[in-house]
Amino acid sequence: QVQFVESGGGLVQPGGSLKISCVASGVRLYTMGWYRQAPGSQRELVGTVTASGLTELQDSVKGRFTISRDNAKDTVFLQMSSLKPEDTAVYYCHRPYYPNDSWGQGTQVTVSS
């Protein structure tokens, strides 16, 4: 079973930028997704990146967030710019369509002045 280890979160001011990472061995052939869960809300899909690097992002983050991956390092990245307070959440990576995979601990991103 795949294990996901997210890192790089922190406190950032509105309008700032942050890049978070996820290490997951054995996923280089799979589409990977970034998800987030804000307090009191359900987990939502932020975006996905295919094995070849094609990305899709939800409308609320288009133009602000970028997903990329380095298959040689088993790592997926989420570059976040022009951050807003509503981006505050715990961010997770996971394989879409593989619900039996366990979830990692996530990384907290807090956008606040």
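Go ahead and run the numbers for FRET between V5 and S113, Cβ-Cβ distance against an R0 of 30 Å, rounding to 0.05. If you can, show how the numbers build up before the last one.
Numbers: r = 30 Å, r/R0 = 0.99.
E between V5 and S113, to the nearest 0.05, is 0.50.
Under 14 Å from a point placed 7 Å out from the Cα of S25 along the Cα-to-Cβ direction: which residues of the stretch 54-80 have their backbone N that close?
It comes to 73-75, nothing else.
In nm, to one decimal, how far is the modelled label at L45 from the one at Y98, with both set 7 Å along Cα→Cβ?
Using points 7 Å along Cα→Cβ, the separation is 1.5 nm.
Around L29, with a cut-off of 12 angstrom between Cβ atoms, what is the net charge of the other residues, counting Lys and Arg +1 and Asp and Glu -1?
Details: positive: R28, R69, R95; negative: D74.
Residues close to L29 contribute a combined charge of +2.
Heavy-atom accessible area per residue, the chain, 1.4 Å probe: how many Å²?
Details: 6160 Å² over 113 residues.
It amounts to 54 Å² per residue over the chain.
Output the relative contact order of the chain, whole-number percent, from Cα pairs under 8 angstrom with separation of 6+ residues.
Working: 268 pairs, mean separation 42.9, N = 113.
Across the chain, relative contact order equals 38 percent.
Counting only protein heavy atoms, what percent of the accessible surface of the chain is carbon or sulfur at a 1.4 Å probe? Walk me through the numbers before you get to the answer.
Numbers: 2970 of 6160 Å².
For the chain, the apolar C and S fraction of the accessible surface comes to 48 percent.
Can you return the lysines within cross-link range of K62? Criterion is Cα-Cα under 19 Å, with same-chain partners fewer than 8 residues away left out.
Result set, ordered by chain and number: K19, K84.
The values are calculated or read from the model by the stated rules, or taken from the named source; none is laboratory data. Predicted model, so just to flag it, every value in this text is computed and none were measured. A quick note on method: Cβ atoms are made from the backbone with ideal geometry, for glycine too, and the neighbour counts reach across all protein chains shown. To get the accessible areas, we keep the full protein, side chains included, count just its heavy atoms, and leave off ligands, DNA and RNA. Shrake-Rupley method; radii C 1.70, N 1.55, O 1.52, S 1.80 Å.
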